[in-house]
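Below is one structure, written out as structure tokens, with a few remarks after it.
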Amino acid sequence: MGIVFSLIVVIFLVAVSLVGVKLANLQFLFGVVVPYAAIIIFIVGFVRKVVDWGRSPVPFSIPTTCGQQKSLPWIKHSKLDNPSSTGGVIGRMLLEVFAFRSLFRNIKSEINGGRVTHGSTKWLWLAGLAFHVSFFVVLIRHLRFFMEPVPFFINIIDALDGFMQVGVPHLLITGVLLVAAVAYLFLRRAFIPQVRYISLPADYFPLFLIMGIGITGIIMRYFTKVDIIKVKELTMGLASLNVTVPDGIGAIFFIHLFLISALLIYFPFSKLMHMGGVFLSPTRNLANNSRVVRHVNPWDHPVKVHTYDEYEDEFREKMKSAGIPVEKE
Amino acid sequence: MAKPTETPKPEELTKVDYNPPETEWTETPAEIKPGTYCYGSRPKYLEEVGFPYAREWQPTDDDWKLPENWKEIVLDGIKERLGNYRSFKLFMDICVRCGACADKCHFFIGSGDPKNMPVLRAELIRSVYRKYFTPGGKLFGKLAGARELTDAVLKEWWSYFYQCTECRRCSVFCPYGIDQAEITMIGRELLNLIGTQTDWIGGPVANCYKKGNHLGLEPHAIASNMEYLVDDIEEITGIKIEPSLNRKGAEILFVAPSGDLFGDPGTFNAMGYMMLFHELGLDYTWSTYASEGGNFGFFTSMDMAKRLNYKIYAEAKRLGVKWILGGECGHMWRVLNQFMDTWNGPADFMEEPVSPITGTKFENAKTTKMVHIAEFTADLIKNNKLTFDPSRNDHLNVTFHDSCNTARGMGIFEEPRYIINTVCNNFFEMSDDTIREKTFCCGSGSGLNAGENMELRMRGGMPRAHAVKNVHEKYGVNMLANICAIDRAVLPPLMDYWVPGVDVCGTHELVANALVMKGEIKRTQDLRLEDLPGMEEESEEEGGE
């Protein structure tokens with residue numbers, strides 16, 4: 001159900017922008033109004049969510065320790081997997097965010113021949129990393145549409161990305177990698193029975209949306225080419241708040257832009273917020289030093305306890321007969 | 001109450017079908033099956049500690065006799081906790097359902113039930129969160145993965161939050177560190193708001209609150225249990241030990257899990273502690289009031305856990321000790337490491353712990369003032385303060401089980417291994433995927449160590465047991481050492497079921513067995529009063545070369 005529904009929604013989004021631009025001539029709406037609205041919703045939504053999380057109390061120090069604690073000086077401490085200081089936590093977070101450290105640990109466990117067996121499995125880690133890195137590079141590359149002159153580092157990234165020098169224009173690897181990785185993530189979700197069982201429309205929808213963005217981008221660059229000069233005129237206008245919508249930009253560009261806008265609008269309300277959330281996870285971003293530095297619970301409150309006096313009152317005679325010292329004879 | 005059911009044979013239990021059912025999980029109601037659930041708490045246990053809505057009740061009843069406004073209570077409870085815990089709020093929002101956690105859960109591996117995949121166990125509550133607390137869920141309902149809180153959903157929560165041992169293994173593999181233990185703990189708090197506690201947790205909590213320990217040992221019973229252990233020690237070593245109880249002015253308060261004073265093989269470990277402290281001439285005392293290091297309150301609510309934990313610092317203050325030494329226990333040490341100081345600190349009436357024997361400052365326990373006995377003993381060994389005859393453990397081929405909580409809520413890996421390698425000649429590790437931070441739960445933690453849910457326990461313990469079985473077959477391992485009282489209670493039946501021929505012991509039983517004590521007689525028995533192979537009385541005649 002989730003697959004079909006999500007696919008229909010994405011197709012609907014494509015149709016809306018196609019019809020809007022081709023038949024209704026709503027270039028200004030799809031080229032200016034919607035993108036601006038999307039950017040605002042994204043920024044406001046993202047910030048609100050992160051601020052809301054950030055303001056939520058962390059009552060207890062609950063890092064998940066994944067290595068040897070810092071204890072006696074002669075015992076080798078696992079500084080990154082069980083950090084005891086802020087420096088260690090930063091290292092742990094960097095590894096998590098840039099190398100997907102936890103996912104890299106992945107193991108496949110199952111029963112083979114009546115025995116539970118475990119084997120390494122890195123595909124999810126690899127596809128996840130490929131997806132995120134290529135998406136990031138594609139994003140950076142797109143800055144060329146919003147800057148004049150184009151900064152040198154973007155030209156370098158473009159050159160590296162196209163190092164295979166196949167075709168004209170040069171094939172950019174990250175674009176292909178992005179679509180391939182998303183396709184893999186979709187296929188594993190659709191075909192691994194357990195993963196399919198847990199999947200919601202909210203899992204398929206962003207995959208289709210991003211796939212749509214990638215495919216329309218690739219089509220634009222390599223197949224039905226759009227007038228890149230005019231596109232840049234529009235995007236520069238957006239960036240400089242001096243909007244203009246030149247005539248003659250192909251509809252495919254507006255579909256691409258509309259899908260991106262949809263992604264931006266959807267983002268703050270979805271699981272995609274893991275992008276901000278990963279930094280705030282208390283099982284990862286706290287040092288395991290709660291025996292050295294007292295962690296304070298901001299909403300701590302008194303609780304009813306059973307005091308020693310009450311205890312002794314109840315058991316005094318039994319204590320005395322057993323030779324256990326008491327406060328009141 | 002239903003009679004405990006027969007547990008299926010191991011060959012049957014390993015036939016696990018990992019294929020999810022035909023029906024969607026939201027349309028598949030939880031089945032509360034004999035052998036896989038714990039009985040409902042007797043009302044008196046809840047009343048004794050002031051938990052609400054105490055009543056006669058069983059999970060298999062159609063009518064749970066819930067309070068009229070239970071839904072409101074639960075939803076208010078969720079709201080309050082969303083405001084109090086960033087972890088909860090974040091873990092409700094950011095899961096991408098990648099499924100990396102799925103086969104990390106021992107209950108999923110052992111049962112194949114998709115709702116035992118941590119991701120889905122969390123979705124049980126996430127779906128309700130979406131319905132009542134997110135705009136998407138309110139607007140789009142099922143399309144946004146939201147569902148109503150109903151009787152059936154509540155029973156499902158109950159079933160699956162008591163099929164999670166809060167072991168945190170999923171959290172190690174989750175790219176965002178989402179910790180099902182945290183979600184289960186909050187889920188159980190919600191269930192406690194409407195009086196649906198289990199008997200096996202309710203009882204120990206009430207005992208611990210009133211009597212100072214889970215087992216309900218009253219002060220004179222603690223004293224007499226210790227007498228038995230002291231007598232056994234005298235028989236084995238010829239040395240009469242005189243441990244003290246509730247002694248003011250002692251330098252150190254020693255707090256162990258009460259299981260060590262009660263049942264085998266925990267009692268052997270308690271003998272181990274006492275022998276070691278005697279040999280050192282340590283100025284220490286036990287307490288009958290704070291006679292529990294473990295904390296079953298931790299399996300009900302944070303407040304209850306705090307109420308039970310209170311006694312440790314209160315007693316340290318009353319007795320005027322300088323610092324506290326803690327025995328071998330798993331969740332006890334997660335609590336002591338991550339919660340105690342926050343709840344009941346600051347413990348500024350004590351001093352920074354210093355070993356009176358070696359002079360080592362335990363800087364890693366600077367504010368809590370509580371040192372783990374494995375840290376303490378490892379330091380003694382490193383400083384050559386103890387003499388061992390490891391050959392006394394030569395009849396044992398030992399492997400070490402990292403308890404979940406000391407592994408993933410503390411990270412004490414090397415200390416016990418260093419100790420075991422010193423006092424034993426034959427130590428063999430289980431496979432890397434099943435030890436240290438990746439260790440598998442005993443299957444009975446977090447209050448699931450009851451008698452009536454044995455099938456569940458054997459299923460949950462399967463991955464741990466099979467890892468032991470591998471080293472049992474490969475290296476002849478016959479002893480499973482650990483630093484956890486729950487392990488000492490639950491691993492013996494697990495081993496009997498899956499790997500007959502493997503025994504279970506605490507680490508300090510091994511220590512004391514090998515410890516050469518001043519003035520001891522020639523040892524011919526181990527701490528279990530069993531003959532030490534090669535050291536029987538008659539073998540003395542051959543000796544002397």
Checklist entry - Taking B:L143, is it outside any loop (DSSP other than H, G, I, E, B), modelled with pLDDT under 95 and of a type in the set (A, V, I, L, M, F, W, C)? => result yes
Next on the checklist: If A:I140 satisfies all but one of (1) more than 9 Å from chain B (Cβ to nearest Cβ); (2) β-branched (V, I, T); (3) closer than 23 Å to B:E363 by Cα, what's the number of the condition it fails?
Outcome noted: (3)
Next on the checklist: Residues to consider are B:T342, B:T367, B:T358; find the one that is assigned by TED's automatic domain parsing to the domain that holds B:Y418, within 11 Å of A:L72 (Cβ to Cβ) and of a type in the set (V, I, T).
Outcome noted: B:T358
Checklist entry - Identify, please: which residue in region B:366-410 is part of a loop (DSSP other than H, G, I, E, B) and either of a type in the set (D, E, K, R) or modelled with pLDDT under 95 (or both) and is, among those, nearest to A:P83 (Cα to Cα)? => result B:K366
Checklist entry - Which residues, counting only those in region B:193-228, are more than 12 Å from chain A (Cβ to nearest Cβ), hydrophobic (A, V, I, L, M, F, W, C) and more than 23 Å from the chain's Cα centre (by Cα)? => result B:L193, B:I194
Checklist entry - Can you tell me which of B:E27, B:E56, B:E48 is within 14 Å of chain A (Cβ to nearest Cβ), touching a residue at least 12 places away in the same chain (Cβ under 8 Å) and either surrounded by fewer than 17 Cβ atoms within 10 Å (Cβ to Cβ) or in contact with a helix residue (DSSP H, G or I) (Cβ under 6 Å, 6 or more places away or on another chain) (or both)? => result B:E48
Checklist outcome for this item: Taking region A:228-247 and keeping only residues that are free of Cβ contacts under 8 Å to residues at least 24 places away in the same chain and either closer than 18 Å to A:G217 by Cα or among the aliphatic types (A, V, I, L, M) (or both), one is left with A:I228, A:I229, A:K230, A:E233, A:L241
Checklist entry - Here is a list of conditions, (1) at the interface with chain B (Cβ under 10 Å from one of its Cβ atoms); (2) part of a loop (DSSP other than H, G, I, E, B), and A:A287 meets all of them except one; can you say which number that is? => result (1)
Checklist outcome for this item: Of those in region B:348-368 that are more than 9 Å from chain A (Cβ to nearest Cβ) and surrounded by 17 or more Cβ atoms within 10 Å (Cβ to Cβ), the residue nearest to B:G272 (Cα to Cα) is B:S355
Next on the checklist: Considering only region A:58-71, I want to know if a residue exists there that is at pLDDT below 95, outside any helix (DSSP H, G or I) and over 22 Å from the mean Cα position of the chain (by Cα).
Outcome noted: no
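Report the residue count in region A:83-101 for those that are in a helix (DSSP H, G or I), touching a residue at least 24 places away in the same chain (Cβ under 8 Å) and surrounded by 15 or more Cβ atoms within 10 Å (Cβ to Cβ). Even if it seems obvious, please write down each step before you answer.
At the first step, the residues of region A:83-101 found to be in a helix (DSSP H, G or I) are A:86-99, A:101.
With touching a residue at least 24 places away in the same chain (Cβ under 8 Å) added as a condition, the list becomes A:86, A:88-89, A:92-93, A:96-97, A:99.
Subset that is surrounded by 15 or more Cβ atoms within 10 Å (Cβ to Cβ): A:88-89, A:92-93, A:96-97.
Residues in region A:83-101 being in a helix (DSSP H, G or I), touching a residue at least 24 places away in the same chain (Cβ under 8 Å) and surrounded by 15 or more Cβ atoms within 10 Å (Cβ to Cβ): 6 in total.
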Item to check | The listed residue being among the charged types (D, E, K, R) and part of a helix (DSSP H, G or I), out of B:K248, B:K311 | outcome: B:K311
Checklist entry - part of a helix (DSSP H, G or I), of a type in the set (K, R), in contact with a helix residue (DSSP H, G or I) (Cβ under 7 Å, 6 or more places away or on another chain) and within 12 Å of chain B (Cβ to nearest Cβ), is that true of A:K79? => result no
Checklist entry - What do you reckon, is A:D52 of a type in the set (D, E) and either assigned to a helix (DSSP H, G or I) or modelled with pLDDT under 95 (or both)? => result yes
Checklist entry - Any residue at all in region B:153-164 that is part of a helix (DSSP H, G or I), hydroxyl-bearing (S, T, Y) and either more than 9 Å from chain A (Cβ to nearest Cβ) or closer than 22 Å to B:E31 by Cα (or both)? => result yes
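Given the residues B:L319, B:L276, B:L308, which is the only one that is over 15 Å from the mean Cα position of the chain (by Cα), within 13 Å of chain A (Cβ to nearest Cβ) and surrounded by fewer than 24 Cβ atoms within 10 Å (Cβ to Cβ)?
On inspection, the qualifying residue turns out to be B:L319.
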Next on the checklist: Can you say whether B:I186 is β-branched (V, I, T), under 17 Å from B:A485 (Cβ atoms) and either part of a helix (DSSP H, G or I) or in contact (Cβ under 8 Å) with a residue 24 or more places away in the chain (or both), as far as the supplied structure shows?
Outcome noted: no
Checklist entry - In this structure, is A:G128 among the small types (G, A, S), within 12 Å of another protein chain (Cβ to nearest Cβ) and either surrounded by fewer than 17 Cβ atoms within 10 Å (Cβ to Cβ) or free of Cβ contacts under 8 Å to residues at least 60 places away in the same chain (or both)? => result yes
Next on the checklist: Condition first: among the basic types (K, R), outside the structural domain of B:F440 (by TED's automatic domain parsing), in contact (Cβ under 8 Å) with a residue 40 or more places away in the chain and surrounded by fewer than 22 Cβ atoms within 10 Å (Cβ to Cβ). Can you find one or more residues in region B:74-94 that meet it?
Outcome noted: yes
Checklist outcome for this item: Filtering region B:322-344 for residues that are assigned to a helix (DSSP H, G or I) and buried (at least 24 other Cβ atoms within 10 Å of the Cβ) leaves a count of 10
Next on the checklist: Quick check on my filter: what residues within region A:201-254 are at positive phi and under 31 Å from the mean Cα position of the chain (by Cα)?
Outcome noted: A:L241
Checklist entry - Out of the residues in region A:299-319 that are more than 7 Å from chain B (Cβ to nearest Cβ) and assigned to a helix (DSSP H, G or I), which is surrounded by the most Cβ atoms within 10 Å (Cβ to Cβ)? => result A:E312
Next on the checklist: Just checking, does region B:380-400 include any residue being free of Cβ contacts under 8 Å to residues at least 40 places away in the same chain, at the interface with chain A (Cβ under 7 Å from one of its Cβ atoms), surrounded by fewer than 24 Cβ atoms within 10 Å (Cβ to Cβ) and under 29 Å from B:F254 (Cβ atoms)?
Outcome noted: yes
Checklist entry - Does region A:244-255 include one or more residues that are of a type in the set (A, V, I, L, M, F, W, C) and within 8 Å of chain B (Cβ to nearest Cβ)? => result no
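The values are calculated or read from the model by the stated rules, or taken from the named source; none is laboratory data. If you're wondering where the values come from, they're calculated on a predicted model, not measured in any experiment. Glycine gets a Cβ as well: all are built from the backbone with ideal geometry, and neighbour counts include every protein chain shown.
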